[in-house]
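The values are calculated or read from the model by the stated rules, or taken from the named source; none is laboratory data. Treat the numbers as computed from the prediction; the structure is a model and nothing was measured. Cβ placement follows ideal geometry from the backbone for every residue including glycine, while neighbour counts extend to all protein chains displayed. Note: accessible area is taken over every heavy atom of the protein model, side chains too, but ligands, DNA and RNA are not part of it. Shrake-Rupley method; radii C 1.70, N 1.55, O 1.52, S 1.80 Å.
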Amino acid sequence: MSAPIDFEEVRWHALPGSEIARIFDVELAGLSPEEVNRQAARFGRNVLPRASRRNPLLRFLAQFNNTLIYVLLAGALAAALLDHLIDAVVIVAVVIVNAIIGYIQEGKAEQALEAIQQMIAPKASVIRGGVRQTIPVSGIVPGDLVLIEAGDRVPADLRLLHARRLLIDEALLTGESVAAEKHEAVLPEETVLADRQNMAFSGTLVAAGQANGIVVATGRHTQIGRISSLIQSVETMATPLLQQIDQFARRFTWFVLAGGLALFAFAVLVRSYDWVDALIAVVALAVGIVPEGLPAVITITLAIGVRRMAARNAVIRKLPAVETLGATSVICSDKTGTLTRNEMTARRIVTARYTMLAEGSGYVPEGHIRIAGPGDQTEALSASMPLIRCGLLCNDASLRNDGNDWRVEGDPMEGALFALAMKAAVDPEMERSEWQRLDEIPFDAAHRFMATLCRGPDGAMMLFVKGAPEAVFAMTAPDEISYWDQAITEAGSEGERVLAFGAKQMPSDAERISFDDMAGVALLGLVGFIDPPRLEAREAIAECLSAGIAVKMITGDHSATALAIARQLALADDPQVMTGVDIERLSDEDLEQVVNRVSVFARTSPEHKLRIVRALQAQGKIVAMTGDGVNDAPSLKQADVGVAMGIKGTEASKEAASMVLLDDNFASIVSAVREGRTVYDNIRKVISWEIPTNGGETLAVVLAILLGFSLPMSATQILWVNLILAATLGLVLAFEPTEPGAMQRHPRQRGAPLLSPFLLWRVVLVSVLFAAVTLGIFFHTLNQGRSLEVARTMVVNMFIVAEIFYLFNVRYLHTTSLTWRGAVGTPAVLIAIAILIVGQALFTYAPFMNALFNSRPLAFADLALLVFAGAALMVLLEVEKHVMRRLGWFKELND
Ligand code: ATP
């Protein structure tokens, strides 16, 4: 057993890598599986202690912290003191049941969100057993050899062993906003934290460059772990819509309490009601009319939406995105990997004299390379060998054969070059070990090339470059530019991605390369790669177009390639293309004028993306934008919905995004938009069901007090109706599936009010109809000479029946509900109705309920009458929906 390590004491920055490996008793070249297990047993998982969850008891008590509940409890106390014991018990029971429902709902929503956050747990690249692997950050152990590159969050505290142009943003730790430059040299012991340039600290962000390093501390032993022992918990569940509704409910409470007070005074002073009865009735009514349960139901609706989106590979990081997604009017998407499969195969090799075509598909390194057109096959192949070798040595990827499939570790295009070398009978591992790499300039979307410095077996020192043709041509200035341009256009028009390759002999004592060394590189040729479009992306684009959502491709690739892929995907009838250079020539105002017409933006860099989002937003569009690189963060934040790639995206982009695609697939964005529309529809349904329900009840009781007839429901009966409805029908609309035609409507406008004119009209109409029907039943029963108790029991049941029918009407706001599909309902609807019926049967027929609520059993004919009245109400509202659509008064119905 090794001696314990005092993480605070060891001066890692003052030790060479070999010494650190000795301390941990591991190999510098990466851990073996046994070493990983041993280290994990010794040091534990690489996680920070979690913020503890709120105490369940406190969470339960918080349910009572509501003005209305206080009023209700005060009412119960008053009732108890005045000998209305049954009323007091019922009120308290209602309050407790309400709190239990709220507690369970909140817990479920929180759990769902937390589980989903786990799906995008961060990953890191390590070298273990000599092989590069991607593992969850929590599995990293001290002694591990970790690779970091631009856009990564450093996964643990590292002592750097090899750093190239590495810049790390350490603001989190030091507060310093300028990124720190890093290198691997040993530093004096006394160097302070902020100056330890050979260390990379857990949680800081790699702004540029590449490096590897050995892990010296994990979890709470890291610098960040020592400063703050807590990591951020799940984000709060507030969204603009929720806040709006919450605020509305609060204000409304005071309004209702004031109204209630006036009504109470009127009832006692003018109508001479018994003051205790009047008090309890008014309190019950107030509780009924304030939609205090609405925020909870909407939270659940959002949480269900989040869960459904996750099932379709779209993980929501910021809850407001769920609301915004449904309103998206433009989706700006990357090409590679999102619209295409990002499975590259090198197909075409162009050298100064020959064009060759490689057979085979995927990464399987089998297939002939044949000359296209006239010429000698052997000569053509040997002419392309320098290019093929350059592609292998200016390359960080490798291929792995796991049984029946070949997989890439690293960049897919580089994987394709690896396969190409094997097709040309080169042994990649041997070639790479013979050509020792001394230095490199990593690929960056800003300069669009990569370069390596390698020493060959005979001591020759070579610089290899590969990159976008424009970038490489700028170094090589080839003679016959028209020959090359024509080759690029030809490959591009077939949707191929083109890379150019170059090489240069360097002085034999060269150790480092810089941008200045790129001058005078000799052009070796071009390679065209095929990256097939995703079939599902084509269908998803068609769905977007029918839903009034424009799709724009924003790519770093060449315009010919981008346009060919756009055509294959049917992005637009006649897709217009614009390049980054064109964008730079335009002012912001001019860009706004053209941005709607263009559907392909090629050779763009991250700054262009930002300008495109802004231009679209200035046109009133709601923009969803994808991104994967470290520099995409600003445009992801600017977009209404920033979408990061789960597989190929950097940590920086995921953190800036409000949604992460687990499969990098464009079709998943469209599924999320569809779910977003469903969520918004469901929220509207919840509201348009709940508010008139409360309204009808209130209207009936207020009319009774104002006109001076007996209350159609007693106070406890009002509470019963509210409770049983909240626990059953009040929830089911949150589970509604997508309405047919949801993706044939136009997106809703930015800032469209939730309570649209149609919903407002509905609130008034339905409230009046409910009041009319229940009062009609009330007087009809009394006229038959039956008791007040029977009449009230009829009213309570009438309410419930009407609510059930109305629910079916609300389930389809945009089409008729009178269909087989509409009649059958969903499991949630059917279960809720079953519970409701059992509850009502107890209320009406169980002797103890008769005693508690003063209800009376009803005859079969009574029930038949209620169902008939409810059905009539539903037919009336269906006719109204139809007529309103015909009249076209409410635009939202006809969109
Ligand atoms: P998209 O933006 O749709 O994902 P993209 O992958 O082409 O497209 P970038 O990653 O910005 O966008 O790449 C821009 C260009 O840089 C590519 O078209 C290619 O010419 C070149 N390039 C990409 N990756 C490499 C690499 N590993 N080495 C050298 N050049 C590269």
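Going by what's in this entry, would residue 524 be described as touching a Cys at 6+ places or on another chain (Cβ under 8 Å), within 14 Å of the ligand (Cβ to nearest atom), touching a residue at least 24 places away in the same chain (Cβ under 8 Å) and under 22 Å from residue 487 (Cα atoms)? First the steps, then the outcome.
Values: touching a Cys at 6+ places or on another chain (Cβ under 8 Å): yes; within 14 Å of the ligand (Cβ to nearest atom): yes; touching a residue at least 24 places away in the same chain (Cβ under 8 Å): yes; under 22 Å from residue 487 (Cα atoms): yes.
Here the answer is yes, as residue 524 does meet what is asked.
On the given criteria, is residue 756 within 28 Å of residue 106 (Cα to Cα), out of contact with any Phe, Trp or Tyr (no Cβ under 8 Å at 6 or more places or on another chain) and open to solvent by less than 20 Å² (accessible area, probe 1.4 Å)?
Numbers: within 28 Å of residue 106 (Cα to Cα): yes; out of contact with any Phe, Trp or Tyr (no Cβ under 8 Å at 6 or more places or on another chain): no; open to solvent by less than 20 Å² (accessible area, probe 1.4 Å): yes.
For residue 756, the condition - within 28 Å of residue 106 (Cα to Cα), out of contact with any Phe, Trp or Tyr (no Cβ under 8 Å at 6 or more places or on another chain) and open to solvent by less than 20 Å² (accessible area, probe 1.4 Å) - is not met.
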> When you go through (1) out of contact with any helix residue (DSSP H, G or I) (no Cβ under 6 Å at 6 or more places or on another chain); (2) within 11 Å of the ligand (Cβ to nearest atom) one by one for residue 448, which number turns out not to apply?
Replying inline: (1)
> Which ones in segment 142-179 are out of contact with any strand residue (DSSP E or B) (no Cβ under 7 Å at 6 or more places or on another chain) and part of a loop (DSSP other than H, G, I, E, B)?
Replying inline: 175, 176, 177, 178
>> For the list (1) in a helix (DSSP H, G or I); (2) closer than 27 Å to residue 735 by Cα; (3) over 30 Å from the mean Cα position of the chain (by Cα); (4) of a type in the set (Phe, Trp, Tyr), I need the number of the one condition that residue 103 fails.
In response: (3)
> Within segment 360-427, which strands (runs of 3 or more DSSP E) (wholly inside it) include 3 or more residues that are open to solvent by 40 Å² or more (accessible area, probe 1.4 Å) and either hydrophobic (A, V, I, L, M, F, W, C) or away from the ligand (no atom under 16 Å from the Cβ) (or both)?
Replying inline: 398-402, 405-409
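Quickly run through segment 759-781 and pick out the residues that are open to solvent by 50 Å² or more (accessible area, probe 1.4 Å) and of a type in the set (A, V, I, L, M). Quick ask: steps written out before the conclusion?
Initially, segment 759-781 is screened for residues open to solvent by 50 Å² or more (accessible area, probe 1.4 Å), giving 760-761, 764, 768, 772, 779-780.
Across segment 759-781, the qualifying residues are 760, 764, 768, 772.
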> residue 337 fails exactly one of the following numbered conditions: (1) in contact with a strand residue (DSSP E or B) (Cβ under 7 Å, 6 or more places away or on another chain); (2) not in a loop (DSSP other than H, G, I, E, B). What is the number of that condition?
Replying inline: (2)
>> Based on this model, can you work out whether residue 308 counts as assigned to a strand (DSSP E or B) and in contact with an Asp or Glu (Cβ under 8 Å, 6 or more places away or on another chain)?
In response: no
> Restricting the search to segment 138-161, which residues are charged (D, E, K, R) and over 29 Å from the mean Cα position of the chain (by Cα)?
Replying inline: 144, 157, 159
> Applying the selection to segment 13-69, what residues are open to solvent by 70 Å² or more (accessible area, probe 1.4 Å), acidic (Asp, Glu) and under 39 Å from the mean Cα position of the chain (by Cα)?
Replying inline: 34
> Which residue pairs have Cβ atoms closer than 6 Å, lie 6 or more positions apart in sequence or on different chains, and pair a first residue in segment 528-556 that is free of Cβ contacts under 8 Å to residues at least 12 places away in the same chain with a second residue that is crowded, with 17+ Cβ neighbours inside 10 Å?
Replying inline: none
> Of these, 459, 495, which one is at positive phi and more than 14 Å from the ligand (Cβ to nearest atom)?
Replying inline: 459
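Looking at this structure, is residue 703 closer than 19 Å to residue 282 by Cα and open to solvent by 30 Å² or more (accessible area, probe 1.4 Å)?
Details: closer than 19 Å to residue 282 by Cα: yes; open to solvent by 30 Å² or more (accessible area, probe 1.4 Å): yes.
Yes: the conditions hold for residue 703.
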> Could you list, in sequence order, the residues of segment 738-749 that are farther than 14 Å from residue 676 by Cβ, modelled with pLDDT under 85 and open to solvent by 40 Å² or more (accessible area, probe 1.4 Å)?
Replying inline: 740, 749
>> Here's a check for you: in segment 428-438, which residue that is surrounded by fewer than 17 Cβ atoms within 10 Å (Cβ to Cβ) and not in a helix (DSSP H, G or I) is nearest to the ligand (Cβ to nearest atom)?
In response: 437
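I'd like the residue in segment 324-344 that is of a type in the set (Ser, Thr, Tyr) and open to solvent by 10 Å² or more (accessible area, probe 1.4 Å) and, out of all such residues, is nearest to residue 623 (Cα to Cα). Don't jump to the end; show me each part of the working.
Narrowing segment 324-344 to residues of a type in the set (Ser, Thr, Tyr): 324, 328-329, 333, 336, 338, 340.
Remaining after also requiring open to solvent by 10 Å² or more (accessible area, probe 1.4 Å): 324, 329, 336.
Values: 324: 9, 329: 6, 336: 20 Å.
For segment 324-344, the residue satisfying everything is 329.
The rows are residues; the columns are (1) surrounded by fewer than 24 Cβ atoms within 10 Å (Cβ to Cβ); (2) within 14 Å of the ligand (Cβ to nearest atom); (3) without any contact (Cβ under 8 Å) to a residue 24 or more places away in the chain.
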{"site": "570", "(1), (2), (3)": "yes, no, no"}
{"site": "583", "(1), (2), (3)": "yes, no, no"}
{"site": "593", "(1), (2), (3)": "yes, no, yes"}
{"site": "598", "(1), (2), (3)": "yes, no, no"}
{"site": "615", "(1), (2), (3)": "yes, no, no"}
{"site": "631", "(1), (2), (3)": "yes, yes, no"}
{"site": "640", "(1), (2), (3)": "yes, no, no"}
{"site": "658", "(1), (2), (3)": "yes, no, no"}
{"site": "661", "(1), (2), (3)": "no, yes, no"}
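Let's see how each residue does on (1) touching a residue at least 12 places away in the same chain (Cβ under 8 Å); (2) farther than 27 Å from residue 130 by Cβ; (3) exposed (fewer than 13 other Cβ atoms within 10 Å of the Cβ):
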position: 180; (1), (2), (3): yes, yes, no
position: 183; (1), (2), (3): yes, no, no
position: 187; (1), (2), (3): yes, yes, no
position: 194; (1), (2), (3): yes, yes, yes
position: 200; (1), (2), (3): yes, no, no
position: 204; (1), (2), (3): yes, yes, no
position: 211; (1), (2), (3): yes, no, no
position: 216; (1), (2), (3): yes, no, no
> Applying the selection to segment 71-123, what residues are farther than 25 Å from residue 261 by Cα and among the charged types (D, E, K, R)?
Replying inline: 106, 108, 110, 114, 123
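Going by the conditions given, is residue 73 free of Cβ contacts under 8 Å to residues at least 24 places away in the same chain and out of contact with any strand residue (DSSP E or B) (no Cβ under 9 Å at 6 or more places or on another chain)? It would help to see each step written out before you state the result.
Details: free of Cβ contacts under 8 Å to residues at least 24 places away in the same chain: yes; out of contact with any strand residue (DSSP E or B) (no Cβ under 9 Å at 6 or more places or on another chain): yes.
The answer is yes for residue 73.
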> Can you pull out the residues in segment 314-334 that are in a strand (DSSP E or B) and more than 16 Å from the ligand (Cβ to nearest atom)?
Replying inline: 314, 315, 316, 330
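Would you check if there is a residue in segment 525-535 being open to solvent by less than 70 Å² (accessible area, probe 1.4 Å), closer than 30 Å to residue 743 by Cβ and in contact with an Asp or Glu (Cβ under 9 Å, 6 or more places away or on another chain)?
yes
Taking only segment 106-137 into account, find how many residues are under 25 Å from the mean Cα position of the chain (by Cα) and not in a loop (DSSP other than H, G, I, E, B). Before you say what the answer is, go through the steps one by one.
Quick first cut of segment 106-137, residues under 25 Å from the mean Cα position of the chain (by Cα) only: 106-125, 134-137.
Adding the requirement that they be not in a loop (DSSP other than H, G, I, E, B) leaves 106-118, 123-125, 134-137.
Count: 20.
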>> Among (1) under 27 Å from residue 581 (Cβ atoms); (2) within 13 Å of the ligand (Cβ to nearest atom), there is one condition residue 477 misses while meeting the rest; what is its number?
In response: (2)
> Can you name the residue in segment 600-613 that is closer than 21 Å to residue 664 by Cα, within 14 Å of the ligand (Cβ to nearest atom) and of a type in the set (Val, Ile, Thr) and, of all such residues, is modelled with the lowest pLDDT?
Replying inline: 604
